[in-house]
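First the structure, in the form of structure tokens, and then the observations on it.
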Amino acid sequence: MAGGLLLVGEADDGGAAGFVAAAPLDEALHVYTLAVDPAYRRRGLGRALMAAALEHAAWAFWPAVTLTTFRDVPWNAPFYRSLGFLAADEAQLAPGLAQVRARERAIGLDALGPRLAMARLL
């Protein structure tokens with residue numbers, strides 16, 4: 001991920017408790033992954049990592065942050081909505097984000113549950 005961003009939340013033992021990985025895509029910063037170790041969930045770490053990614057995007061003058069996620073899983077789309085992300089219209093996705101969604105469909109992620117692209121303007 002050229003020009004990518006990796007933020008890591010530290011565990012009590014000094015290891016990683018969670019991370020967010022993002023990189024430029026189209027005219028936005030795209031979050032590819034947000035993950036939190038189950039032992040550290042429900043403590044605000046995911047929210048803090050996303051807040052740091054949003055802050056970085058604003059600092060770097062990205063006009064938006066995008067991501068893709070499962071629509072109906074409580075800690076996915078509803079979580080991102082609570083951070084100000086809105087569902088994007090699949091028919092109007094920028095080329096890079098459309099490719100991400102196509103790749104997800106090709107590897108079968110949509111078979112696990114409905115997915116969607118989301119964006120937050122900065």
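The values are calculated or read from the model by the stated rules, or taken from the named source; none is laboratory data. Quick caveat: nothing in here was measured; it's all calculated off a predicted structure. Counting neighbours? That spans all protein chains shown, and the Cβs are built from the backbone with ideal geometry, glycine included.
A few remarks follow.
- Qualifying residues in the range 109-122 (those that are at pLDDT 95 or above and over 18 Å from Trp75 (Cβ atoms)) - the one surrounded by the fewest Cβ atoms within 10 Å (Cβ to Cβ): Leu121
- Filter pass, Ala11 being surrounded by fewer than 19 Cβ atoms within 10 Å (Cβ to Cβ), within 13 Å of the chain's Cα centre (by Cα) and of a type in the set (A, V, I, L, M, F, W, C): no
- Scanning the range 14-31 for residues that are surrounded by fewer than 18 Cβ atoms within 10 Å (Cβ to Cβ) and touching a residue at least 40 places away in the same chain (Cβ under 8 Å) turns up Asp26, Glu27.
- Residue among Leu49, Leu45 that is surrounded by 14 or more Cβ atoms within 10 Å (Cβ to Cβ) and under 15 Å from Arg120 (Cβ atoms): Leu49
- Filter pass, Val73 being of a type in the set (A, V, I, L, M), modelled with pLDDT under 95 and out of contact with any Gly (no Cβ under 6 Å at 6 or more places or on another chain): yes
- The residue that is nearest to Glu10 (Cα to Cα), counting only those in the range 52-70 that are crowded, with 18+ Cβ neighbours inside 10 Å and of a type outside the set (S, T, N, Q), is Ala53.
- Hey, Ala58 assigned to a strand (DSSP E or B), of a type in the set (A, V, I, L, M) and in contact (Cβ under 8 Å) with a residue 40 or more places away in the chain or not: no
- Per-region count, the range 71-85, residues surrounded by 12 or more Cβ atoms within 10 Å (Cβ to Cβ) and not in a loop (DSSP other than H, G, I, E, B): 5
- Filtered residue count, the range 1-27, keeping only those that are touching a Leu at 6+ places or on another chain (Cβ under 8 Å) and either within 22 Å of Pro95 (Cα to Cα) or part of a loop (DSSP other than H, G, I, E, B) (or both): 6
- Index of the failed condition, Ala88 passing every other in (1) touching a residue at least 60 places away in the same chain (Cβ under 8 Å); (2) farther than 27 Å from Ala16 by Cβ: (1)
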